[in-house]
Structure formats: structure tokens, C-alpha cells
Amino acid sequence: MLKIVRKLLKNRVGATAIEYGLIAALVSVAAVGALTAMGDSLQSMFTKVSSTLDTAVAGTGTGATTGGTTTGTTTAAP
């Protein structure tokens, strides 16, 4: 019985897996914290991109044709 306990105490595979799990958890917490802190700026950026894409999509089929040329507005992404 004592040999089994000693063998279990020498086994480092489980400890390594736990360490990697703790590192992954720490990275996840840091990522969530960073994204939460940047929440407002990310939301405004995605809103701006979305409205720019909506404008671009809406403008693709609405150009007026005069004399074989199409006139319309083109919106460039910032």
C-alpha cells in the first residue's frame, strides 16, 4: 500500500494538466476583462461598420442610369 502512495506522489502528469488548466483560465479571465473594458468603443465601432455596410448594400442597386452610365454614391470604409 505504501508503494502505491509513493508512486502516486511521484506522478507529475496530473499536476501539469492542472497547471495548464489554470493558465487557460487566467488567459480567459484576462480576455473577458479586456473586452468588457473596451465594450463601449467596440460597440460603437461595430455599429459604424454595420451602418457603412448597410449604406453600401443599399446603394448597389439604386444607381440611376443616364446615357449608359450609372450614377450613384460610393461609400469608402474608414
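The values are calculated or read from the model by the stated rules, or taken from the named source; none is laboratory data. Please read these numbers as outputs of a predicted model, since none were measured by experiment. These area figures cover heavy atoms from the full protein model, side chains too; ligands, DNA and RNA do not enter into them. Shrake-Rupley method; radii C 1.70, N 1.55, O 1.52, S 1.80 Å.
Is there a residue in segment 60-77 that is aliphatic (A, V, I, L, M), assigned to a helix (DSSP H, G or I) and modelled with pLDDT under 90?
So far as segment 60-77 goes, no, none of its residues is aliphatic (A, V, I, L, M), assigned to a helix (DSSP H, G or I) and modelled with pLDDT under 90.
Taking the condition of being at pLDDT below 75 and open to solvent by 60 Å² or more (accessible area, probe 1.4 Å), how many residues in segment 7-21 meet it?
The total comes to 7.
Hey, does segment 22-41 have a residue that's at pLDDT below 85 and not in a strand (DSSP E or B)?
Scanning segment 22-41 turns up at least one residue that is at pLDDT below 85 and not in a strand (DSSP E or B).
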